[in-house]
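Structure first, then comments.
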Amino acid sequence: MSGLALPMMPEVDVLPPPLERPDQSAILGTYARVPLTMVGGQGSELIADTGRRYLDFTSGIAVNALGYGDPGLQAALRDAAMGLVHVSNLFRTEPAESLAEWLVAHSFASRVFFCNSGAEANEGAFKFARRWARVAGGPAKHEIVALRGSFHGRLFASLAATDRPRYRAPFRPLAGGVTIVERDVDQLAATLTAENTAALILEPVQGEGGVRVCDVGFLRELRILTRERGIALILDEVQCGLGRTGWLFAYERAGIEPDLLTLAKPLAGGLPMGAVLLTAEIAAAIEPGDHGTTFGGGPLVSTVARYVVERLADPALLDAVREHGVWMHQELARLAADSPHVRGVRGVGLIWGIDVAMRAALVVDAVRDLGLLILTAGDHTIRLLPPLTITRADLARGLETLRTVLT
Ligand SMILES: Cc1ncc(COP(=O)(O)O)c(C=O)c1O
């Protein structure tokens with residue numbers, strides 16, 4: 001995706017227009033919810049209170065990788081509930097240590113920090129990168145660079161690294177020292193400096209930004225550039241990590257290794273959990289008191305996550321995701337050829353984006369009426385994130401519904 005520039009959006013202190021569907025419940029209206037109440041799920045289907053079943057190509061926005069009602073996950077939840085739920089981080093607990101050891105054994109990392117969400121994982125990664133950079137290059141080496149089209153979360157530093165003017169404008173000033181640069185090696189080479197840049201953060205597959213899969217060559221060039229200049233490379237695999245691309249970690253596809261990696265969404269099977277994975281060098285710069293969070297790595301979530309990561313690392317599951325990806329590519333290319341409304345398709349494994357001529361939200365509404373749940377990724381892109389355990393028959397059923405609406 002290097003060289004694919006999006007139009008620059010002017011950033012202004014003007015509130016965006018209100019969303020179309022303000023939430024009328026007692027829950028704060030930060031979400032544009034559809035008028036559907038979900039009460040159950042089975043396999044790749046969600047069940048509404050009306051009894052209607054919806055084929056779910058959203059997976060709780062990439063969280064429910066094992067689908068619904070997975071017997072193994074249910075057993076892990078039951079087992080976890082019989083043990084300690086929470087112990088403060090003043091003490092050691094076996095489930096957190098065992099999960100961290102598993103993540104270290106299966107990745108580039110030598111240490112893990114646990115937290116509770118994707119945004120929190122990125123905030124932690126920024127702090128760890130800055131802490132390391134300050135040791136390596138002094139206080140001037142603090143800049144964080146993110147890419148055009150990025151989404152890293154909605155807290156202050158993660159929002160500053162998120163390229164969504166609509167999300168940013170009402171909350172300025174955002175955290176300082178964070179710059180957004182085009183997804184272009186030359187522009188990045190001109191921006192990243194050994195003296196001032198602490199970290200470059202990017203998603204190997206931009207999710208919210210339109211399902212833009214980074215070219216393997218682009219990732220490799222950025223790895224070389226950051227290494228040459230002593231800049232930490234943070235990969236945000238909150239959405240594309242843990243099997244979604246058909247590799248346990250999306251970076252494996254490019255044959256590179258980051259300095260920091262952030263995970264969340266599917267990590268604990270729907271329980272809130274995030275993680276930052278770090279190299280030994282960065283971990284060595286961190287001291288007690290540098291960071292912390294009350295709930296991070298609690299025994300209940302860690303026990304469940306240990307079960308989930310083993311399932312997601314299963315070679316048979318990863319093979320199936322890669323094969324589904326090849327098949328999806330063929331089928332979506334056929335759909336694009338047959339439909340005047342489809343402008344392009346992009347993706348890998350079980351994360352796909354389809355550019356459409358009309359507003360993406362209209363397609364989401366139309367397929368929902370036919371029993372299929374999908375997402376948007378920007379105004380004119382629909383996004384498909386089915387459970388990683390989905391069957392080919394269910395994938396085909398969902399694509400048939402899309403075809404009905406788009407042709
Ligand atoms: C790539 C990426 N990073 C970070 C986040 C933020 O995660 P959370 O909503 O858990 O804070 C998301 C959420 O969609 C994401 O897709």
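The values are calculated or read from the model by the stated rules, or taken from the named source; none is laboratory data. Treat the numbers as computed from the prediction; the structure is a model and nothing was measured. Because the Cβ atoms are built from the backbone with ideal geometry, glycine has one as well, and the counts that use them run over all protein chains shown. For the accessible areas, the whole protein counts, side chains as well, though only heavy atoms, and no ligand, DNA or RNA atoms are used. Shrake-Rupley method; radii C 1.70, N 1.55, O 1.52, S 1.80 Å.
In table form, for the structure just shown:
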| quantity | calculated |
| --- | --- |
| Selected residue (only one of Ala81, Ala100, Ala26 is loosely packed, with under 14 Cβ neighbours inside 10 Å and touching a residue at least 40 places away in the same chain (Cβ under 8 Å)) | Ala81 |
| Elements of type helices (runs of 4 or more DSSP H) in the stretch 89-160, at least 2 residues being within 13 Å of the ligand (Cβ to nearest atom) and under 18 Å from Gly296 (Cα atoms) | 118-137 |
| So Thr179, is it surrounded by fewer than 24 Cβ atoms within 10 Å (Cβ to Cβ), within 28 Å of Val216 (Cα to Cα) and without any contact (Cβ under 8 Å) to a residue 60 or more places away in the chain | yes |
| Residue tally, condition in contact with a Gly (Cβ under 7 Å, 6 or more places away or on another chain), of a type in the set (A, V, I, L, M) and open to solvent by 40 Å² or more (accessible area, probe 1.4 Å), over the stretch 103-127 | 0 |
| Residue match in the stretch 132-146 (condition: under 22 Å from the mean Cα position of the chain (by Cα), surrounded by 23 or more Cβ atoms within 10 Å (Cβ to Cβ), in the same structural domain as Arg253 (by TED's automatic domain parsing) and not aliphatic (A, V, I, L, M)) | no |
| Selection count where residues are of a type in the set (Ser, Thr, Tyr) and more than 20 Å from Leu248 (Cα to Cα), scope the stretch 88-129 | 2 |
| In the stretch 28-73, the residues that are among the small types (Gly, Ala, Ser) and at positive phi | Gly43, Gly51, Ser59, Gly60, Ala62, Gly67, Gly69 |
| Top-ranked residue of the stretch 313-356 - restricted to ones that are acidic (Asp, Glu) and part of a helix (DSSP H, G or I), ranked as surrounded by the most Cβ atoms within 10 Å (Cβ to Cβ) | Glu331 |
| All positions within the stretch 261-297 that are of a type in the set (A, V, I, L, M, F, W, C) and crowded, with 24+ Cβ neighbours inside 10 Å | Leu261, Leu263, Ala264, Leu267, Ala268, Met273, Ala275, Val276, Leu277, Leu278, Ile282 |
| Positions within the stretch 215-248 being surrounded by fewer than 24 Cβ atoms within 10 Å (Cβ to Cβ) and either among the acidic types (Asp, Glu) or in contact (Cβ under 8 Å) with a residue 40 or more places away in the chain (or both), in sequence order | Asp215, Gly217, Phe218, Glu221, Leu225, Glu228, Gly230, Gly246, Trp247, Leu248 |
| Wholly within the stretch 178-256, strands (runs of 3 or more DSSP E) carrying at least 3 residues that are within 16 Å of the ligand (Cβ to nearest atom) | 197-202, 232-236 |
| Residue match in the stretch 366-376 (condition: more than 17 Å from the chain's Cα centre (by Cα), surrounded by fewer than 23 Cβ atoms within 10 Å (Cβ to Cβ) and at positive phi) | yes |
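Residues checked against (1) among the aliphatic types (A, V, I, L, M); (2) under 28 Å from Ala377 (Cβ atoms):
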residue: Asn89; (1), (2): no, no
residue: Glu94; (1), (2): no, no
residue: Ala100; (1), (2): yes, no
residue: Arg148; (1), (2): no, yes
residue: Phe156; (1), (2): no, yes
residue: Thr162; (1), (2): no, yes
residue: Tyr167; (1), (2): no, yes
